[in-house]
Amino acid sequence: MSGMEIFWIVVGVILVLGILALIGLGVLFGLATNPNRFKVREVALGDVDDYIARRAAFAITVIETTPLSRREVWDRLDSPYLTSLPFLRGPDWALRGGSPDQRQRSEIQVDARRTMSGTFLSVGQRVIEVTDRERVTLVGTGVSVPLAVKDFVERFTIVDGKRSNTVTVTWQIAGSPRFFGFLPWRWAVPLVRPVAGFMLRQILRLQPYRRRDVRGEAAA
């Protein structure tokens, strides 16, 4: 086999792989419109601590201190904080029944549901624990991609900072793939930590987020 033949074989293989990759991305893009298309196992509240510490295939914790008050931080968690980042949207809280005047300002309540959407992956979550302005724990309810995720949890904890007029926010995320959970996914934490830290700092940025206009949505 000549060098030119090998060259064209390599080019052909690259083209085929590129086409398959584009098809795969197109499929993921279409699936991402439904965050709860494929159900995942919901982690029980009593198992969350052990799940984050030991059982989850991957878990990360990032901590930031901010001059924002507890109430301001809580309001940020109630806002679509991911929407300020490229290719992301949410969290979008499911609207409760009743007129807009009857709906409570905060959507963060036990059993409340929300979705977070990306270009190629979206997820659904349910609140399982709330201590007002102190802690909120969520578990995964579904993902847009089939056979990808077994379960996942997310937790925000707010405590007084070491310096006066500050609070410290701890963000924990843990999850396990449906397959290959035996691989050492936690080794990737140093690579993911800068991204997670950047996202937490975006949540806590001093410029406030615009809250969803419930009245406008209801009128539409």
(request) Highest first, please rank the peptides 154-166, 186-198, 136-148 by the mean number of other Cβ atoms sitting within 10 Å of their residues. (result) 136-148, 154-166, 186-198
(request) Report the calculated FRET efficiency for LEU147 and GLN109 (r = Cβ-Cβ distance, R0 = 30 Å), to the nearest 0.05. (result) 0.40
(message) Rounded to the nearest percent, how much of the accessible area of the stretch 114-205 (1.4 Å probe, protein heavy atoms only) is carbon and sulfur?
(response) 63 percent
(request) For TRP187 and LYS39, compute 0.36 nm times the residue count separating them, minus their Cα-Cα distance, and round to one decimal in nm. (result) 50.6 nm
(message) Explain nothing, just the number: relative contact order of the stretch 35-183, from Cα pairs under 8 Å at least 6 residues apart, as a whole percent.
(response) 33 percent
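The values are calculated or read from the model by the stated rules, or taken from the named source; none is laboratory data. Note that the coordinates shown come from a computational prediction; the quantities given were computed from them, not determined experimentally. Quick reminder, even Gly has a Cβ in these numbers, built from the backbone with ideal geometry, and neighbours come from all protein chains shown. Calculation scope for accessible area: heavy atoms of the full protein, side chains included, ligands and nucleic acids excluded. Shrake-Rupley method; radii C 1.70, N 1.55, O 1.52, S 1.80 Å.
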